[in-house]
Amino acid sequence: MTTGNSVVESAEFRRFFPITGKFIYFNHAGTGPLSVPAQRAVERCLSIYSSQAEFDTERYFSIVGEARATVARFIGAKPEEIAFTHNTSEGIYIALCNLPLRENDTILVMDEVFPAVRYVVDNNLPHIKKKYVSFAKQDPIAVLETNLDRNVKVVVVDYVQFLSGETIDLRSFSAFTSEHGLYLVVDGIQGIGALKYDVTDNSVDFLACGCGKWLFGPSGAGFLYVNSRNFDKLRRQHTGWLGAGWTGFEDVTKNPPLYDDARKYEMGTRNILGIQALTANIDILLQYGMQRVEARILKLKEDLRRHFEVDGFEILTPRSGKQSGILSVSPGASVEVLSQGLRRNNIVVSLRNRYLRFSPHFYNSEDEIKQIVDVVGKYRVLK
Ligand SMILES: Cc1ncc(COP(=O)(O)O)c(C=O)c1O
């Protein structure tokens, strides 16, 4: 990586993503394609499982410790602020069940959240009131100013809205929640891995993230960031034996105490394959640099947007405000024909609520955008 030219350098990273050999893959908001280093990491684990059934204990603890340190470094956290989970929902669940809430306290939830948050909120907190309010196309702080009352204790939002791509500027938003004594719980899955994110830039209390999208998968692993300022206030729900400080398993009559940090929420046996893959994927992003990953994604998205604007598409994703890697557009009635046309040409995007959602990553290329534009031109006239 010597040229200093981000287009050339990102092209060099394409070799880590074999999917580029067959598809023009613009669907990272759907499912991230596994990278070669992650695949190798998983294969190494599998070979241990098949040849010796389990990891040597020391090796196991060192893998988990290194992985935790990598995730922490990736988002500017301390290792003990990271709990490994299996998906985003689990992280949201742990956050909400462990807050020191009392009967009739209220949780204010962004109405546009992906169902993952809604199911957790609606089905696991029987004594807590829920208030859903729309954030769409509004200043998020103004939404809070309008909707807060003295019972609201927690705010839950998606960092990046899964369809419109609207993105909350967490620095100013969390400064506001923090000043007002509110806990802020964030579903980060549509932002982390695409946007540079550092916990020390903001005041978020919990950030839950699955690894199956912008972090290149595979699904089934995730993490929860817990701000250390909350450690001594949190409950001990969703805790279990691997939330304790074991150093070996030869003698399980002596039970170590639960950690008093985020690690206590790792309830039982971990998805070590997923955790290994996650570490390898994060290493790729750190190698390229998150600032440059973000800049490249936003540039590719902007290139695409310009083409769709010229073509007269309806563009759901607002131009103003903080941007994400998501661009959702609609050609109107011909959306399904176009969707099928793209697929036939090995261009992978998502069709969601009658919008085509494009979500490029840093290794995608300008040439791929040209090919997308050509295919769009071809199928647009077939209305
Ligand atoms: C904003 C958002 N949150 C969560 C999820 C998925 O949640 P989980 O990781 O719990 O399956 C998705 C997409 O699948 C999403 O777009």
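Residues in segment 247-282 that are without any contact (Cβ under 8 Å) to a residue 40 or more places away in the chain and either within 20 Å of Arg59 (Cβ to Cβ) or not assigned by TED's automatic domain parsing to the domain that holds Phe206 (or both): Glu250, Asp251, Val252, Pro256, Gly268, Thr269. Scanning segment 92-119 for residues that are away from the ligand (no atom under 13 Å from the Cβ), touching a strand residue (DSSP E or B) at 6+ places or on another chain (Cβ under 9 Å) and assigned to a helix (DSSP H, G or I) returns Leu96, Asn98. Does Ser89 count as part of a helix (DSSP H, G or I) and surrounded by fewer than 16 Cβ atoms within 10 Å (Cβ to Cβ)? Judged against the criteria, Ser89 is not a match.
Applying a threshold of 8 Å to beta carbon distances and a minimum spacing of six or more residues, or different chains, the list of pairs starting in segment 301-319 at a residue that is outside the structural domain of Phe162 (by TED's automatic domain parsing) and within 21 Å of Ala194 (Cα to Cα) and ending at one that is in a helix (DSSP H, G or I) and among the basic types (Lys, Arg) reads Ile315/Arg305; Thr317/Arg305; Arg319/Arg305. With the requirement that a residue be over 13 Å from the mean Cα position of the chain (by Cα) and either basic (Lys, Arg) or assigned to a strand (DSSP E or B) (or both), what does segment 51-86 give you? Scanning segment 51-86 gives Arg59, Arg68, Arg73, Lys78, Ile82, Ala83, Phe84. Number of residues in segment 130-183 that are among the β-branched types (Val, Ile, Thr) and within 16 Å of the ligand (Cβ to nearest atom) equals 6. Using the structure shown, decide if Ala142 is under 16 Å from the mean Cα position of the chain (by Cα), surrounded by fewer than 22 Cβ atoms within 10 Å (Cβ to Cβ) and outside any loop (DSSP other than H, G, I, E, B). No; evaluated as a whole, the condition is false for this residue.
Scanning segment 158-175 for residues that are surrounded by fewer than 23 Cβ atoms within 10 Å (Cβ to Cβ) and either among the β-branched types (Val, Ile, Thr) or assigned to a loop (DSSP other than H, G, I, E, B) (or both) yields Leu163, Ser164, Asp169.
The values are calculated or read from the model by the stated rules, or taken from the named source; none is laboratory data. This one's a predicted model, so the numbers in the text were calculated from it and none came from an experiment. Cβ atoms come from the backbone with ideal geometry, glycine included; neighbour counts cover every protein chain shown.
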